[in-house]
Amino acid sequence: MAWLLKTIFNLKKSVEPLVRTHEVLGQQQHSQNLENSAVTVAVRLRPFNRMEKKDKAVQVVFMKNKETVIHHPVSKQTHTFAYDFSFCSVDESDSEFASQQTVYETLARPLLERAFEGFNTCLFAYGQTGSGKSYTMMGFGEQAGVIPRFCEELFSRLSAIQNPEVTCHLEMSYFEVYNEKIHDLLVAREEQSQKGMPLRVREHPVHGPYVEELSAHVVSSYRDIQVWLELGNKQRATAATGMNDKSSRSHSVFTLIMTQTKTEFVEGEEHDHRITSRINLVDLAGSERCKTAKTSGDRLREGSSINKSLLTLGKVIYALSEQALTKRKCFIPYRDSVLTWLLKESLGGNSKTTMIATLSPAASNTEETLSTLRYAQQARMIINLAKVNEDTNAKLIRDLKAEVEKLRSAQMSSQGVEPERVRGYQQEITALRSRLLSQERQMAESSRAWREKLEQAEVRKREEAEELQRAAVTFQVDNRLPNLVNLNEDPQLSEMLLYMVREGQTMVGKCKSHLGCHFYVTVSSVA
């Protein structure tokens with residue numbers, strides 16, 4: 001960058017500058033990269049579940065275009081709400097049926113495009129327990145949810161990039177907020193019931209809140225993410241309640257950090273331009289009433305903690321909506337809950353954010369459905385201030401280039417300047433050089449840390465493979481011997497256990513069975 005400083009110095013000795021200093025130019029460019037971005041809100045109506053069909057539940061929620069209408073079964077009142085998008089997934093035979101692919105293309109794909117532009121993005125699902133949040137976000141089998149589809153298309157787009165001057169680096173993390181404590185889901189545990197030491201939230205003055213000592217794993221393919229997701233979902237806290245056979249008892253946050261590096265040649269010199277995008281995909285635990293959910297003991301304490309964090313989230317959304325309406329600064333109670341503290345940048349901060357509210361169509365859930373819709377209506381009023389996350393060195397180069405071009409154009413109409421002004425320009429160039437050297441030192445330190453991080457990632461990857469094998473997420477199968485795999489009606493539980501049959505005679509069944517329900521399997525060695 002020395003040539004830039006030399007050019008500015010030579011031009012300022014011969015012409016009077018017609019532009020402001022590079023700090024002001026930087027402020028102008030910074031403002032050009034800022035966008036006022038309202039939170040996008042969508043609602044999705046799930047089909048009747050097995051319990052509702054058994055009780056012959058009556059449908060009270062209906063959708064037409066962007067409107068959601070509720071016919072209250074007791075008061076007989078009709079409530080109408082309008083959102084950015086409405087997805088009706090009650091009947092597959094309906095022409096307006098919203099599939100998993102439809103939800104992904106409408107909500108998540110635009111966020112993926114903004115992430116490639118350098119913006120932070122966030123998509124979170126909210127609703128009562130059993131309303132279809134986890135199905136929408138994660139899904140299973142062929143009905144994959146937003147997170148698997150998002151990751152698959154992300155790597156598909158990366159593989160399609162033909163420009164050798166652009167490289168991309170991806171890191172992922174996955175954690176849960178359980179009883180107001182943070183647990184890393186990508187650290188293998190010997191037993192499902194065991195919980196590691198809870199992690200703490202810290203706040204960076206520029207990048208905002210983050211989880212201290214959270215593991216971040218380098219991923220280079222969609223298969224890498226699939227393996228980590230299997231481990232994380234296996235370790236996430238779930239339990240059966242009166243409203244949901246597999247209720248999520250924690251809020252989960254899946255994060256991807258994408259760093260794009262573009263090599264640029266400016267006046268014959270090579271420079272790296274980096275932009276970083278933070279992608280948060282959040283599956284919130286569902287709100288519930290203890291009487292309806294029939295919870296007690298640990299399940300009751302979990303439900304109380306979930307409701308507390310969601311209540312704080314409601315207060316944050318209300319305060320942000322009031323701030324947007326009145327245009328006056330309000331106190332936002334982010335720190336009242338770990339969840340809202342972590343979502344600080346996504347709600348009212350530097351992010352392109354989308355919320356999907358999931359609903360039950362049954363009359364028995366009318367009050368919870370109305371509460372969810374009011375929640376979502378307030379979230380529509382929130383305005384975020386999103387910006388492109390690029391490195392400061394690239395900004396400085398661009399600003400200096402702009403000043404050079406303006407000085408060159410001014411040179412055509414100027415004859416000379418006074419000696420006093422030349423001394424002033426020299427002082428300004430000295431200050432510029434000092435700041436530039438400082439920036440270069442910071443970039444050199446950053447590059448060194450980056451290389452060390454990549455080396456550590458390779459070492460960690462080998463350790464991770466061993467951890468995954470111990471956690472039974474991945475394994476090496478001896479193809480010379482037979483094996484048994486469990487089957488379960490729940491796709492998430494099926495094929496999760498592998499029983500290797502050793503050489504010799506193996507008894508299958510209970511040893512002390514009085515009914516004799518056992519048999520023997522004999523395996524001979526293979527030549």
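Subtracting the Cα-Cα distance of R109 and V459 from 0.36 nm times their residue separation leaves 122.7 nm of extension gain. I want the local charge near S99. Using Cβ-Cβ distances under 10 Å, sum +1 for each Lys or Arg and -1 for each Asp or Glu among the other residues. Spelling it out: positives minus negatives among the neighbours equals -2. For every other residue with a beta carbon closer than 12 angstrom to the beta carbon of C151, add +1 if it is Lys or Arg and -1 if Asp or Glu, then tell me the sum. Net local charge, C151 excluded: 0. Summarise the long-distance tail of P(r) for the range 106-210 by giving the % of C-alpha pairs beyond 16 Å. Value for the range 106-210 (Cα pairs over 16 Å): 73 percent. For a distance above 15 Å, tell me the whole-number percent of Cα pairs in the range 37-83 that qualify. The share of Cα pairs beyond 15 Å in the range 37-83 comes to 56 percent.
At full extension, S371 and E466 could sit 29.6 nm farther apart than now, given 0.36 nm per residue minus the alpha carbon distance.
Among the GluC sites (Glu not before Pro) found in the range 126-162, those both in a DSSP coil and sparsely packed, with 11 or fewer other Cβ atoms within 10 Å of their Cβ, are E142. Using the Cβ-Cβ distance between T506 and S221 with R0 set to 51 Å, the FRET efficiency from 1/(1 + (r/R0)^6) comes to roughly 0.85.
Between E230 and N488, how high is the FRET efficiency from 1/(1 + (r/R0)^6) when r is the Cβ-Cβ distance and R₀ = 22 Å? Nearest 0.05. The calculated FRET efficiency here is 0.90. Neighbours of Q377 by Cβ distance under 13 Å: Lys/Arg scored +1, Asp/Glu scored -1, total +1.
Readers should treat all values here as calculations from the given coordinates under stated rules, not as data from a laboratory. Owing to the predicted nature of the structure, the values given are computational and were not obtained by experimental measurement. Methodologically, a virtual Cβ is constructed for each residue, glycine included, from the backbone with ideal geometry; neighbour enumeration extends over all protein chains shown.
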